[in-house]
Structure formats: C-alpha cells, structure tokens
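Below: the structure, in structure tokens.
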Amino acid sequence: MNKVALITGATRGIGRQIALTLAQEGYDIAINYRTENDELEETKKIIEERNVKCLAVQGDVSNYDDCERFVKEVIDKFGTIDVLVNNAGITKDTLLMRMKKEDFEQVIDVNLVGTFNVTKNVVTYMMKARTGRIINISSVVGIAGNAGQANYSASKAGIIGFTKSLAKELASRNILVNAVAPGFIETSMTDVLKDEIKEEIAKSIPLKRMGTTEDVAKVVKFLASEDSSYITGQVIHVDGGMLM
Ligand code: NAP
C-alpha cells in the first residue's frame, strides 16, 4: 500500500510542487484547497498522471471545523496520513503604522492558527499509528524578521516554536516534526514584487538567484523519507545562503 501525504494549500506554487514531488515518490496524495479553480484541476490531473491516487479536499485552514472535516475525509478515503505538510499561507504586507488589526489577525489565523488546526486533527491519527512526519513551511523572515512583514514574520516565527514544541511532545510516538524555512522562491506570492526589487534581492543572495519550488520540494521529500529518520525539531533553511 502506498504511503499517504496531505499537503495544505496545494493548488499552486510550493504546495503544488511538494504534492507532485511526493506523488513521483509513490505517495497517494491528498491536496487541500480553499478555492476551486483551474489550478486545482490542473494539479489533480498532473498528480494522477504519476499513477497514484489523488483526493482533493476543500477547506479553509483558518477554520477549525473545516480542518476537522477534511482530515476525516482523507482518513475515510485512505485510512491513514503518513505525512502532513502545512504549506497554506498568505501575506498582507505593510508597515506597522499602516497595518490594520485585521491584516495582522488574518495572517496569524491562516499561517499559524491554520497550522495548529490541521496538525491537531492529523496528530490524533498519527499517535494511534505511532508513526508520522509533520513538515511545516516557515520562512527566513520568521528567523530574521523583515520590515513591512510584522504579521507574516510573527506567524512564521510562531510556526518554528510550534514545530520545536511538537517535536518534543511527539518524539516518543515516533512522530518527527520539522520546519522548512524558504528564502525568496519564485511563486505567485513573490510575483507581486517589481522586477528591479527581485533583481536586487537575487544579487544579495550568495547563490545569486531566487529559489524554485523544486528547491523547497526536494527538502520536504527528504524530511518525509526514511533518510531523515534521526532528524526532528529542526528548521532547514532553503534560501541560497541568505541566512547563515
Ligand atoms: P502561493 O503561490 O500564494 O500559494 C499559497 C497556497 O495556499 C494557495 O494554494 C492558496 O490557495 C493556499 N491558501 C491560502 N490561504 C489558505 C487557506 N486559508 N486555506 C487553505 N489554503 C489556503 O504561495 P507560495 O509562495 O507557494 O507559498 C507556500 C508557502 O510557502 C506559504 O506558507 C508561504 O508563506 C511559504 N513561503 C513562501 C516563500 C516564497 O518566496 N514564495 C518564501 C518563504 C515561505 P487559494 O488559491 O485558495 O488562495
């Protein structure tokens, strides 16, 4: 029987690439999506082309009841969840002086509370199975901070604390919990930046380029695999050397 991976926010960008990479490894895939659109259909199609099963489950990760329901849908279909990747995330960038309370709360609700909501429901099953991998997508700005991203940085720093605490709580059940901290990755999230800014950023990165979704997905693949069986509570930077 194939192993099963659930990836949140997997219709595009990093989440989609993680889903494709794990499908390539032979995992059956559950993709969580918030909005039904062509990107979702395309993602499902390319996963199924890899000859594994694909279940798409709708739900807003910031809504606890949605998470409880869609995790159960995955269990009903596949019977287990071996790997959870908490990837869904949003930005609402602006300087603190202009940041509305809702801008702060929405980003925390999706990125950090969303990670709690999904994990809490999945861990119930992983604890019974006495095995599992949880991989949380944080960010370099959760470690270093960034002007204009107080909300996003706080959410991504929170994910790191959450990851380390859970790694300690769940180690005895053989559930390994790690975070990946990407730098600047080419996706629709960074597409909003002007070309000049992207070039400036690329110049400041030791490896002199923005990262690709594949750069991140390959590390998630490693953290999901047997090759990382002695790694838990870690934050793996995938940032071309931005932070050392
Ligand atoms: P993206 O292209 O904007 O994709 C984000 C995905 O998350 C979309 O599928 C989106 O679905 C989904 N999503 C957003 N809110 C959701 C919610 N409430 N419930 C369920 N799904 C939701 O972003 P990305 O660049 O691939 O980012 C993926 C993750 O990597 C995020 O956690 C991000 O913070 C992190 N990251 C990205 C970078 C980067 O440079 N790109 C760097 C560091 C970390 P909808 O279409 O429904 O909105």
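A few remarks follow.
- Enumeration of residues in the stretch 111-143 that are over 12 Å from F162 (Cα atoms) and among the charged types (D, E, K, R): K128, R130, R133
- Test result for L55, within 12 Å of the ligand (Cβ to nearest atom), on the phi < 0 side of the Ramachandran plot and not small (G, A, S): no
- The set of residues in the stretch 190-203 being more than 14 Å from the ligand (Cβ to nearest atom) and part of a helix (DSSP H, G or I) consists of D195, E196, E199, E200, K203.
- The lone exception for T212 - which of (1) over 19 Å from the mean Cα position of the chain (by Cα); (2) at pLDDT 95 or above; (3) more than 20 Å from K164 (Cβ to Cβ) it fails: (1)
- Residues of the stretch 164-189 that turn out to be free of Cβ contacts under 8 Å to residues at least 40 places away in the same chain and either on the phi > 0 side of the Ramachandran plot or not in a loop (DSSP other than H, G, I, E, B) (or both), as a count: 3
- Qualifying positions in the stretch 144-163 - within 11 Å of the ligand (Cβ to nearest atom), in contact (Cβ under 8 Å) with a residue 24 or more places away in the chain and not basic (K, R): Q149, Y152, S155, I159
- Whenever a residue of the stretch 205-228 is in a helix (DSSP H, G or I), its partners that are aliphatic (A, V, I, L, M) and surrounded by fewer than 20 Cβ atoms within 10 Å (Cβ to Cβ), lying with C-beta atoms within less than 6 angstrom and at least six residues away or across chains, give the pairs V219/I236.
- Considering only residues in the stretch 38-52 that are free of Cβ contacts under 8 Å to residues at least 24 places away in the same chain and out of contact with any helix residue (DSSP H, G or I) (no Cβ under 9 Å at 6 or more places or on another chain), the one that is nearest to the ligand (Cβ to nearest atom) turns out to be D38.
- Matching residues in the stretch 167-188 - criterion: being more than 12 Å from the ligand (Cβ to nearest atom) and surrounded by fewer than 22 Cβ atoms within 10 Å (Cβ to Cβ): A167, K168, E169, L170, A171, S172, R173, N174
- Failed condition for S204, given (1) surrounded by 15 or more Cβ atoms within 10 Å (Cβ to Cβ); (2) more than 25 Å from L176 (Cβ to Cβ); (3) among the small types (G, A, S): (1)
- Any hit, the stretch 5-20, residues being surrounded by fewer than 23 Cβ atoms within 10 Å (Cβ to Cβ), more than 9 Å from the ligand (Cβ to nearest atom), farther than 22 Å from N121 by Cα and without any contact (Cβ under 8 Å) to a residue 40 or more places away in the chain: no
- Among residues of the stretch 84-101 that are in a helix (DSSP H, G or I), none has a Cβ under 9 angstrom from a residue that is aromatic (F, W, Y) and at pLDDT below 95 at a sequence gap of 6+ or on a separate chain.
- Residues satisfying the stated conditions in the stretch 21-73, i.e. among the aliphatic types (A, V, I, L, M) and closer than 13 Å to N121 by Cβ: A30, V57, V61, V71
- When the stretch 38-57 is filtered for residues that are of a type in the set (D, E) and surrounded by 13 or more Cβ atoms within 10 Å (Cβ to Cβ), the ones remaining, listed by number, are E39, E42, E48.
- Just so you know, in the stretch 59-92 the residues that are within 13 Å of the ligand (Cβ to nearest atom) and touching an Asp or Glu at 6+ places or on another chain (Cβ under 7 Å) include one that is farthest from A10 (Cα to Cα), and it is K92.
- Qualifying residue in the stretch 21-31 (condition: modelled with pLDDT of 95 or more, within 20 Å of D191 (Cα to Cα), away from the ligand (no atom under 12 Å from the Cβ) and out of contact with any His (no Cβ under 7 Å at 6 or more places or on another chain)): no
The values are calculated or read from the model by the stated rules, or taken from the named source; none is laboratory data. Note that the structure is a prediction, hence the values are computed from the model and not measured. All Cβ positions, glycine included, derive from the backbone under ideal geometry; neighbour counts span all protein chains shown.
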